[in-house]
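Before any comments, here is the structure.
FYI, it's all coordinate maths here, none of it is from the lab. Just so we're clear, the structure is a prediction, and the values are computed from it rather than from any experiment. Heads up, the Cβs are rebuilt from the backbone with ideal geometry, glycines too, and the neighbour counts pull from every protein chain shown.
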Amino acid sequence: MNKKQKRMGMIVTVLAIAGLAVALTLTALSQSVAYFYTPSELQALAAPPASTIRLGGLVEDGSVNYSEANSASVSFTVTDGGASTIVSYEGILPDLFREGQGVVVQGSLDADGLLVADTVLAKHDENYMPKELADALKEQGRWQDGSD
């Protein structure tokens, strides 16, 4: 082997390793992405997503139901004022979780359109709202600025 062949072999090896690293990185990132939707956006989708999603909105008044058989199992409805999505969650809810408050839930949709949540995040004070939810509410004309 002469110098030119050795150099070409080294370049091909480096490019192959770099390509493999990029492919592994993209695969890992695509598996960990959770897209954010409002109930209206989720309802407007032609086909429900098969992967993990995040849903943001307000907990609808009167919609929180605790299971009698399992006190850690709860269902509630998340709304953005235009559409609603029923959420099922098994676990301890955050202390700030209550009806009429903002929440972001992460989970996956089942065949009936029920969101089975793995995580429930409640907003931390009366002024906080996730940027994506605030933008979506403004876009739909449902934003209520509390600075009156």
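Some notes on this structure:
- Label point 7 Å beyond Cα of Asp61 along Cβ direction - residues of region 96-120 with amide nitrogen under 19 Å: 97-103
- Size descriptor, Kirkwood hydrodynamic radius, that averages inverse alpha-carbon separations across region 50-101, Å: 11.8
- Translational diffusion of region 1-75 was estimated from the Stokes-Einstein equation, with Rh taken as the Kirkwood radius over Cα pairs; at 4 °C and 1.567 mPa s the coefficient is 73 µm²/s.
- In the chain, the calculated helix contribution to ellipticity at 222 nm averages -10000 deg cm²/dmol per residue, counting -39,500 (n - 2.57) for every DSSP H run with n ≥ 4.
- A crude spin-label estimate for the pair Ala69 and Gln140, with each label 7 Å from Cα along the Cβ direction, gives 3.2 nm.
- Loop-resident sites, region 63-123, for GluC sites (Glu not before Pro), counting at most 15 other Cβ within 10 Å (DSSP): Glu68, Glu99
- Each principal axis of region 34-139 carries a Cα extent, and these read 39, 35, 23 Å when sorted largest first.
- Projecting the Cα atoms of Val14, Gly81, Gln101 onto the charge dipole of the chain, computed from C-beta unit charges around the Cα centre, puts Val14 farthest toward the positive end.
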